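S.K.: The structure that follows is given in the form of C-alpha cells.
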Amino acid sequence: MNIRTATPADFDAIWPVFHTIAAAGETYAYPRDIDRDTAYRLWMERPRQTWVAEENGTLLGTYYLKTNQPGPGAHICNCGYMTSPDARGKGVATAMCRHSKKTALEFGYKAMQFNFVASTNKGAVRLWQKLGFEIVGRLPRAFNHPAHGYVDALVMFQWLENTHE
C-alpha cells in the first residue's frame, strides 16, 4: 500500500467513496445529499493536506489533516479518514492513522483530536483506542444516526509528542 499526497485529479476516485459514506449518514456529519463541489472543498481545499492510500492504482482510502483550532489551539490537529467499502478490514485505516500521526509530528503538531466520532461507529472507536486515542468527551445525543436516532458523539484525543507507536 502506498500513501501519498492527494492531487486534484485524485478526487475522481475519492468522490465515489466520499459520496457512499456521506449518503449512508452513519459516520460523518455531512449532509447525506452533499454535492461533489461541496465535498471537494471540504475534503481537498479546507484541510492543510489530503492523502490517498492506493495499491496498484486503486484507491483504498483517503484522509485529511488540518489544524483543529487556530491560535492557542493550533498545536492540535484533526483528521478525517474514509476507507473504500471494498478495502475494509484490510488494515487501510490503521495504516492511514499511523501515517497521519507521523505526518502530524513532522508538521509540528503535538496532539491529534477527533471531534465528532459517532458512538455507534464501534469499529472506528475500537481502532482509535487500539492506536492510543482516549475518549475525553461525550456529547449526548449529538449525532442523528439514520437507524439508531440520536446517539452520542465522542471526542477522542491523543498527545503525540514523546509517544511511541
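The values are calculated or read from the model by the stated rules, or taken from the named source; none is laboratory data. Remember, predicted model here, so these are calculated numbers, not experimental data. Virtual Cβ from ideal backbone geometry, glycine too; neighbours counted across all protein chains shown. Side chains included, ligands, DNA and RNA excluded: accessible areas come from the protein's heavy atoms. Shrake-Rupley method; radii C 1.70, N 1.55, O 1.52, S 1.80 Å.
S.K.: How many of the residues in region 26-71 are in a loop (DSSP other than H, G, I, E, B) and open to solvent by less than 60 Å² (accessible area, probe 1.4 Å)?
M.R.: 6
S.K.: Which of the residues belonging to region 82-96 are out of contact with any helix residue (DSSP H, G or I) (no Cβ under 7 Å at 6 or more places or on another chain) and either open to solvent by less than 80 Å² (accessible area, probe 1.4 Å) or not small (G, A, S) (or both)?
M.R.: The initial filter retains those residues of region 82-96 that are out of contact with any helix residue (DSSP H, G or I) (no Cβ under 7 Å at 6 or more places or on another chain), namely 86-92, 95-96.
Of everything in region 82-96, those that are out of contact with any helix residue (DSSP H, G or I) (no Cβ under 7 Å at 6 or more places or on another chain) and either open to solvent by less than 80 Å² (accessible area, probe 1.4 Å) or not small (G, A, S) (or both) turn out to be D86, A87, R88, K90, G91, V92, A95, M96.
S.K.: Now a separate question. Tell me which residues, restricted to region 117-145, are open to solvent by 80 Å² or more (accessible area, probe 1.4 Å) and not polar (S, T, N, Q).
M.R.: K122, R126, K130, E134, V136, R138, P140, R141
S.K.: I'd like the residue in region 146-163 that is outside any strand (DSSP E or B) and under 22 Å from A24 (Cα atoms) and, out of all such residues, is least open to solvent (accessible area, probe 1.4 Å).
M.R.: Result: P146.
S.K.: On to the next question. With respect to V117, is the statement that it is more than 21 Å from A6 (Cα to Cα), in contact (Cβ under 8 Å) with a residue 12 or more places away in the chain and under 14 Å from the mean Cα position of the chain (by Cα) true?
M.R.: In short, yes.
S.K.: Also, quick follow-up: Inside region 5-25, can you point out the residues that are closer than 20 Å to F116 by Cα, in contact with a helix residue (DSSP H, G or I) (Cβ under 8 Å, 6 or more places away or on another chain) and surrounded by 13 or more Cβ atoms within 10 Å (Cβ to Cβ)? Before the answer, list the steps.
M.R.: To start, the set of residues in region 5-25 that are closer than 20 Å to F116 by Cα comprises 17-25.
Cutting the leftovers down to in contact with a helix residue (DSSP H, G or I) (Cβ under 8 Å, 6 or more places away or on another chain) gives us 17-20, 22.
Correct list: V17, F18, H19, A22.
S.K.: In addition: Please specify each residue of region 72-93 satisfying the condition of being farther than 20 Å from N162 by Cβ, among the hydrophobic types (A, V, I, L, M, F, W, C), at pLDDT 95 or above and outside any strand (DSSP E or B).
M.R.: Step one: of region 72-93, the residues farther than 20 Å from N162 by Cβ are 72, 78, 80-93.
Still in the list and also among the hydrophobic types (A, V, I, L, M, F, W, C): 82, 87, 92-93.
Next cut, at pLDDT 95 or above only: 82, 92-93.
Passing the criteria: V92, A93.
S.K.: For region 6-26, which residues satisfy the criterion of being within 15 Å of the chain's Cα centre (by Cα) and either farther than 17 Å from D86 by Cα or among the acidic types (D, E) (or both)?
M.R.: A6, G25, E26 - these are the residues of region 6-26 that are within 15 Å of the chain's Cα centre (by Cα) and either farther than 17 Å from D86 by Cα or among the acidic types (D, E) (or both).
S.K.: Taking region 88-105, which residues are under 19 Å from T5 (Cβ atoms) and touching a residue at least 24 places away in the same chain (Cβ under 8 Å)?
M.R.: V92, A93, A95, M96, C97, R98, H99, S100, K101, T103, A104, L105
S.K.: From the list M96, M112, pick out the single residue that is under 18 Å from T50 (Cβ atoms), part of a strand (DSSP E or B), touching a strand residue (DSSP E or B) at 6+ places or on another chain (Cβ under 7 Å) and at pLDDT 95 or above.
M.R.: Exactly one of M96, M112 is under 18 Å from T50 (Cβ atoms), part of a strand (DSSP E or B), touching a strand residue (DSSP E or B) at 6+ places or on another chain (Cβ under 7 Å) and at pLDDT 95 or above, namely M112.
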